[in-house]
Amino acid sequence: MKTTRILIVVLALVALIASACGGGSDDDAGDEPAGTTAASGGDEDEGSAEVGRELYLETCQSCHGPDAEGLEKLGLPLVDSEFVASKSSADLLAFIKTGRASSDPDNQTGVDMPVKGGNPALSDEDLIDIVAYLKSIN
């Protein structure tokens with residue numbers, strides 16, 4: 001049960017990225033921090049949406065669904081998400097890396113969005129690919 005909840009939180013994190021599982025407000029697009037590959041300002045590596053989709057299916061779909069359309073009482077939809085569309089890639093990366101507690105006032109589902117979607121094995125490169133995928137469906 002705890003593993004399931006962690007997965008839900010992880011997926012919520014990704015959903016939170018899109019205002020999903022952790023819900024999120026649409027304000028504060030924010031500046032991209034230096035030092036992250038996707039946010040470095042150049043075209044060096046914005047991540048691979050194709051690879052990101054595979055990683056999404058491995059980690060995020062349990063809360064946000066295989067088509068990122070959300071799952072009731074788990075994760076909000078990430079497709080055509082105003083939250084995802086309004087955030088920079090660096091902001092989404094930071095969001096997924098941090099997660100959002102169910103107690104956060106911006107949480108719209110009451111379910112934790114776990115750090116890295118509940119998958120601590122995801123590297124920054126993996127998360128950048130997931131962000132690229134999320135951006136590609138918005």
Plugging the Cβ-Cβ distance of GLU50 and GLU72 into 1/(1 + (r/R0)^6) at R0 = 30 Å yields, to the nearest 0.05, a FRET efficiency of 0.60
Which percent of the Cα-Cα distances in the stretch 61-138 go past 21 Å?
19 percent
For the stretch 54-138: accessible area per residue (Å², 1.4 Å):
45 Å²
In whole Hz and in residue order, list the ³J(HN,Hα) couplings for the stretch 54-64 that follow from phi through the Karplus curve 6.51 cos²θ - 1.76 cosθ + 1.60, θ = phi - 60°; x for Gly and Pro.
5, 5, 4, 5, 6, 10, 9, 5, 5, 10, 9
Out of residues 5 or more away from SER102 or on other chains, whose amide H comes under 5 Å of its own, with H placed 1.01 Å from N in the peptide plane?
ASP112, MET113
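Hey, can you rank 112-118, 100-106 by average C-beta count inside 10 Å, highest first?
Listed from highest to lowest mean packing, they are 112-118, 100-106.
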Taking a probe of 1.4 angstrom, what is the accessible area of THR59 in Å², to the nearest 10?
0 Å²
Heavy-atom accessible area of the stretch 41-138 with neighbours in place, 1.4 angstrom probe: carbon+sulfur share in percent works out to 47 percent
Would you mind counting up the charge near ALA68? Only other residues with Cβ under 11 Å from its Cβ, with Lys and Arg at +1 and Asp and Glu at -1.
-2
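The values are calculated or read from the model by the stated rules, or taken from the named source; none is laboratory data. Bear in mind the structure is a predicted one, so any value in this text is a computation, not a measurement. Note: ideal-geometry Cβ built from the backbone for every residue, glycine included; neighbour counts use all protein chains shown. What goes into the accessible areas is simple: the full protein's heavy atoms, side chains included, and nothing from ligands, DNA or RNA. Shrake-Rupley method; radii C 1.70, N 1.55, O 1.52, S 1.80 Å.
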